[in-house]
Amino acid sequence: MKKTLKDIDVRNKKVIVRCDFNVPLDDDGNITDDTRIVGALPTIEYLLAENASIILMSHLGRPKGEANPKYSLAPVAADISKKIGREVIFKSVPEVVNAEVKEIAAGLKSGEVLLLENTRFRKEEEKNGEDFAKELSDLAEVFVNDAFGAAHRAHSSTAGISAYLPTVSGFLIEKELNFLGHALENPARPFVAIMGGSKVSDKIKVIESLLSKADTLLIGGGMMFTFLKAEGLEVGKSILDEEGLELAGQLIKLAREKGVTLLLPVDVKAADAFDNDSPADIYSIDEIPADRMGLDIGPKTAELFASEIASSGTVLWNGPMGVFELPNFAAGTKAVAEAMAANEKAVTIIGGGDSAAAVSQFGLADRMSHVSTGGGASLEFIENGTLPCIEVIADK
Ligand code: AMP
């Protein structure tokens, strides 16, 4: 077990918190989805209640080590300020930390909040540079890591800094570990894992790892065609991951050896082109026309998957069942989300990324036990059972 905020004394202390404020912005710099900011609030509010002085930091986008106003955290400062009902001091300097920022941090009083500029404005950040880590650590007495979405990358502000400060997790990381960790170590059974998305080769290790833990594995999305092809079926113009073809065959074999029920779709919705308005029909998987591409699972598959989900104790889902961004090919993804929402007895976990976007699009996020805030991070956690930035948090 990792130490959390509640395991140490933060009262009246100066605390530096790494959050994941990597939020989407529109062309005018408005935040279009504040889920990640909302996710950080329990930690911030607890620290305020403890009269700590709070220094927040995060990356945003990929400024590649250069100060770029497009990636400034200024809109985030304004949004947090509105949410917590008090001023968030924000000093946008290209160095992130300079003499002025050090002075503000040194003079920060109890209950005051300072947000640093995008940590990726500094070249050293992504190289886990020690000097930058030390500069950040010098601003505070305690380091709280609450950036689950960035926990799979050891950078100065996520891992390096912990060499110089006592390190605990915030409440968001604690919640992620409770749900993901529990699902992998001691799941209520049957444990049904659902994988989708476009490519198999991206998720091969995750699937392999799930085959040692899950009772049933449901495969949908673009990756289903690589599995179907590996089973000797023709998939027409559907997306095919040549690189992953042999691996898909091996995974099917491994599932059999391990006694895991691996279910592939029995029907698909296939269209002439990757276009919402393209003519499309439902086909059994052994009848996909040579000139059409499968863009969603079909209704029989949706029913089959929903019935597996209905009788499960734990469901872990990563990757859409079809091209859910196009309304005509969103039905399969929606059916899976609805079946998860309907099973109130099961622990239902959305593994971040596109599936998180999908459940939020369908208005079902609140009906899940947990929606992970980390796409890449949750996949790596499922694969390895830990992450580089979790490792540096002190044990209880
Ligand atoms: P990934 O990033 O690998 O999780 O893939 C997510 C993307 O896969 C989404 O943008 C979906 O639109 C896409 N996708 C899902 N099903 C299909 C499909 N049958 N053909 C092509 N792309 C798909």
What's the number of the only condition in (1) more than 16 Å from the ligand (Cβ to nearest atom); (2) in the same structural domain as Thr35 (by TED's automatic domain parsing) that Gly149 fails to meet? (1)
Can you tell which of Gly181, Gly197, Gly259 is of a type in the set (Gly, Ala, Ser), outside the structural domain of Ile349 (by TED's automatic domain parsing) and out of contact with any Phe, Trp or Tyr (no Cβ under 6 Å at 6 or more places or on another chain)? Gly181
Is it true that some residue in segment 272-282 is away from the ligand (no atom under 11 Å from the Cβ), within 17 Å of Met224 (Cα to Cα) and open to solvent by 60 Å² or more (accessible area, probe 1.4 Å)? yes
Quick check on my filter: what residues within segment 141-166 are of a type in the set (Phe, Trp, Tyr) and under 23 Å from Asn384 (Cα atoms)? Phe148
Residue within segment 308-322 that is in the same structural domain as Ser355 (by TED's automatic domain parsing), open to solvent by less than 10 Å² (accessible area, probe 1.4 Å), aromatic (Phe, Trp, Tyr) and assigned to a helix (DSSP H, G or I) present: no
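What number of residues within segment 293-310 are aliphatic (A, V, I, L, M) and farther than 15 Å from Leu263 by Cβ? Before the answer, list the steps.
Taking segment 293-310 as the starting set, the residues that turn out to be aliphatic (A, V, I, L, M) are 293, 295, 297, 302, 304, 306, 309-310.
Still in the list and also farther than 15 Å from Leu263 by Cβ: 293, 295.
Selection size over segment 293-310: 2.
Before we move on, is Thr348 closer than 27 Å to Phe225 by Cβ and away from the ligand (no atom under 16 Å from the Cβ)?
For Thr348, the condition - closer than 27 Å to Phe225 by Cβ and away from the ligand (no atom under 16 Å from the Cβ) - is met.
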Tell me which of these Lys345 doesn't satisfy, since it passes every other one: (1) open to solvent by 50 Å² or more (accessible area, probe 1.4 Å); (2) out of contact with any Lys or Arg (no Cβ under 8 Å at 6 or more places or on another chain); (3) part of a helix (DSSP H, G or I). (3)
Looking at Thr167 and the list (1) out of contact with any Asp or Glu (no Cβ under 8 Å at 6 or more places or on another chain); (2) more than 11 Å from the ligand (Cβ to nearest atom); (3) in the same structural domain as Ile297 (by TED's automatic domain parsing), which single condition is not satisfied? (3)
Can you tell me which of (1) more than 16 Å from the ligand (Cβ to nearest atom); (2) at pLDDT below 95 is the one Ile382 doesn't meet? (1)
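So that you can scan it fast, the table gives a plain yes or no per residue for (1) within 16 Å of the ligand (Cβ to nearest atom); (2) more than 19 Å from the chain's Cα centre (by Cα); (3) not small (Gly, Ala, Ser):
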residue: Glu176; (1), (2), (3): no, no, yes
residue: Ile204; (1), (2), (3): yes, no, yes
residue: Ile207; (1), (2), (3): yes, no, yes
residue: Leu210; (1), (2), (3): yes, no, yes
residue: Thr216; (1), (2), (3): no, yes, yes
residue: Gly222; (1), (2), (3): yes, yes, no
residue: Lys229; (1), (2), (3): yes, yes, yes
residue: Glu234; (1), (2), (3): yes, yes, yes
Residue that is surrounded by the fewest Cβ atoms within 10 Å (Cβ to Cβ), among those in segment 43-65 that are free of Cβ contacts under 8 Å to residues at least 60 places away in the same chain and touching a Phe, Trp or Tyr at 6+ places or on another chain (Cβ under 6 Å): Gly61
Considering residues of segment 180-202 that are open to solvent by 60 Å² or more (accessible area, probe 1.4 Å) and modelled with pLDDT under 95 only, the residue farthest from the ligand (Cβ to nearest atom): Asn186
Would you confirm, using the coordinates I've provided, whether Glu246 is more than 30 Å from Met368 (Cα to Cα), under 29 Å from the mean Cα position of the chain (by Cα) and open to solvent by 30 Å² or more (accessible area, probe 1.4 Å)? yes
Please work out which one of (1) open to solvent by less than 10 Å² (accessible area, probe 1.4 Å); (2) out of contact with any strand residue (DSSP E or B) (no Cβ under 9 Å at 6 or more places or on another chain) is the condition Glu231 fails and give its number. (1)
Do we find a residue being at pLDDT 95 or above, closer than 28 Å to Asn276 by Cα, aliphatic (A, V, I, L, M) and assigned by TED's automatic domain parsing to the domain that holds Asp272 anywhere in segment 343-357? yes
Restricting segment 290-303 to residues that are open to solvent by less than 30 Å² (accessible area, probe 1.4 Å) and either β-branched (Val, Ile, Thr) or not in a strand (DSSP E or B) (or both), the one farthest from the ligand (Cβ to nearest atom) turns out to be Ala302
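Scan segment 304-321 for residues that are within 12 Å of Glu338 (Cα to Cα) and within 16 Å of the ligand (Cβ to nearest atom) and jot them down.
Matches in segment 304-321: Phe305 only.
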Check on Thr373, open to solvent by 10 Å² or more (accessible area, probe 1.4 Å), β-branched (Val, Ile, Thr), in contact with a Phe, Trp or Tyr (Cβ under 8 Å, 6 or more places away or on another chain) and modelled with pLDDT under 95: yes
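The values are calculated or read from the model by the stated rules, or taken from the named source; none is laboratory data. Bear in mind the structure is a predicted one, so any value in this text is a computation, not a measurement. Cβ: placed from backbone, ideal geometry, glycine included. Neighbour counts: every protein chain shown. Quick note on the areas: whole protein, heavy atoms, side chains included, nothing else; ligands and nucleic acids left out. Shrake-Rupley method; radii C 1.70, N 1.55, O 1.52, S 1.80 Å.
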